[in-house]
Amino acid sequence: MPDADRRDTQEKGFLNHMADKEQRPGRSNHAGKAPQAEKKLHEAVCVLLVELCERFTFFGIVCNMILFCTAKLGYRSHQAAMVNMCFVGTSTLTPVLLGWLAEYLVGRVKLVCICMFLHFLGTALLPVVSFPFEDVYIDRRHVLLTVPKREQKIVFYFALLTASLGIGGIRAIVCPLSAYSLEDCGPKELLSFFNWFHWLVNLNSAVVFVSISYIQQSVARNLGFLIPFVSGLMAMITIHMVRGEMIYKPKTDGSLLTTFGVIFSALKTRCVRYRYLSTGVASWLDHAKENHGGQYSETQVEGTKSLARLFPLFAFQVLYRTCVMQIPSGYYLQTMNSNLHFGGFVLPVAAMNVISIVPLLILVPILECINSWLFSSKDTGHSPTIYIVVGHLSAALSMMVAGFSEIHRKHFPQVEQTLSEEVLLVSSMPCFHLAPQYILLGVAEALVTPSCSLLSFWLVPGRMRGISMHFLALFNGAGCFMGAFFVQTAHAGTQGNWFPHLLHEGKLERFFFFLASLMMVNTLGFWTIAHRYNNLHQHCTNGFRGSLPGEKLLKHEKAIKHYNAVLESSPILPPVEKT
């Protein structure tokens, strides 16, 4: 009897709740949805503006850093290339670190304010470092206010560090990938998003490389005061987002520390059991489960297992990222030592980077048509691994073409050329002869980057997607630092012959041929394992995704919400009052 009474009470409460909902005016739901849609649109616009401002300042710092380091700070060519690659690598890794700090130590709002201050401080210090104090005049006297090189370098490194920390915080907190609400998208929609997202970012970088590089190189001898202005604009938009409570707060179901903890726990338990016991498990990561003597739940271990399947994919992107980093390093030096005169106008060195961006801007709409046709067939779960293989091959060919272009460049007689008020002895070969190597790397970026983002995002459970993208960033950052390591090793091991300060006195082409050979091996290696990621639909249906208990529970919760929505709109119940 008590159970029956309890059921009657629950049913009466449910009917009273439904009756209350029916008595509400019908247009109140529509009125509530309209402000919600407007707020989401407002948030999306703010996130996009912050993203573009951040990329604008980032590319503005990178585009002419080598010229600044060699002409202003007196660095050797290989040192300037290493500084540039290390800055890009640090800016790639800091979002991972600061995202973890925001969740577990400092707090998102507090940390985003700190990062905005660091970003503005770093971008404001860069023009101060490069300001031509030696040209200051007072009362017809030339007053020398030159800052010693040592102090200049200290302030320069401090500015780069603070700017990279600010960039990392903005990317991790204000505009993370999860802020774009991609949870319910399929592989076709995800690939389309990543294609157009990188298209927009590269369009922004093209504007920066043309405008800011010209200002820095031809109009002003510094890094451009426009950069801190854009940083300040970004800060105001972010403050507006903070006050409007528009900072995205992701789910905290997992973390990098948990993933690393599962791996180390599995290794430790496996070593102990291998030595003393002989228990068989399906995967070595299963040793981290609580029922196998580990310290982690089945959900955490299964999520790490799905992520571990992507480690080979991540590993093969390291060397590819090293090749891509030749655009702001080795390719930049080649362009700087070529003839930049075009119809009486001196082209900015970094403007040649636009040649690598144009193929991406052209290919993305074409790839969209191809993907629409390939994904339209439900029988074949199209996977973009073929894009990655072709992109890696294109990067290897780019390195090879760069080597032959360097040999070709040194056959031209040398002429004097003025860059940033510095007279340099360069080859008379027109810089447009270097266009093929830029185009090939641009094609590689159009094919590889969106495809890797799709695989990293789609082939893991929903709660592991943020961690998967963090691991992709870690490996990309490792590729930048590996590029700096290769430059230092090539310069030191060959006594400056493979990466010389004056290109006509060395053999830079051998460095490019070395990278081309490594990249060919890397391409063949990835081709042998590409079949693991071939069929996206098969992975979905066979439980590769969404098979964790947490994922199933989430699906049941969504089904219950859908059932309640159906009850609310059911014609069996009295109709909703219309106004």
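The values are calculated or read from the model by the stated rules, or taken from the named source; none is laboratory data. The shown structure was predicted, so the numbers you read here are calculated from the model rather than taken from an experiment. We place every Cβ from the backbone using ideal geometry, glycine too, and count neighbours over all the protein chains shown. Side chains included, ligands, DNA and RNA excluded: accessible areas come from the protein's heavy atoms. Shrake-Rupley method; radii C 1.70, N 1.55, O 1.52, S 1.80 Å.
Just a few scattered comments:
- Extension gain, VAL390 back to VAL109 (0.36 nm per residue minus Cα-Cα distance, nm): 96.9 nm
- Highest to lowest packing among 186-198, 328-340, scored as the average C-beta count within 10 Å: 328-340, 186-198
- Amide H partners (placed H, <5 Å) of LEU424, local residues excluded: GLN417, THR418, LEU419
- Most to least packed among 296-304, 67-75, 390-398 [average Cβ atoms within 10 Å]: 390-398, 296-304, 67-75
- Accessible surface, region 417-473, averaged per residue in Å² (probe 1.4 Å): 26 Å²
- Efficiency of FRET between TRP100 and PHE342 - r from beta-carbon atoms, R0 51 angstrom, step 0.05: 0.60
- Protection-proxy order for peptides 44-54, 477-487, each taking the mean of Cβ atoms within 10 Å per residue, highest first: 477-487, 44-54
- Greater than 18 Å apart at Cα, pairs in LYS268/LYS305; LYS72/LYS149; LYS153/LYS507: LYS153/LYS507
- Placing pseudo-labels 7 Å out from each Cα toward the beta carbon at HIS433 and GLU298 gives an inter-label distance of 6.7 nm.
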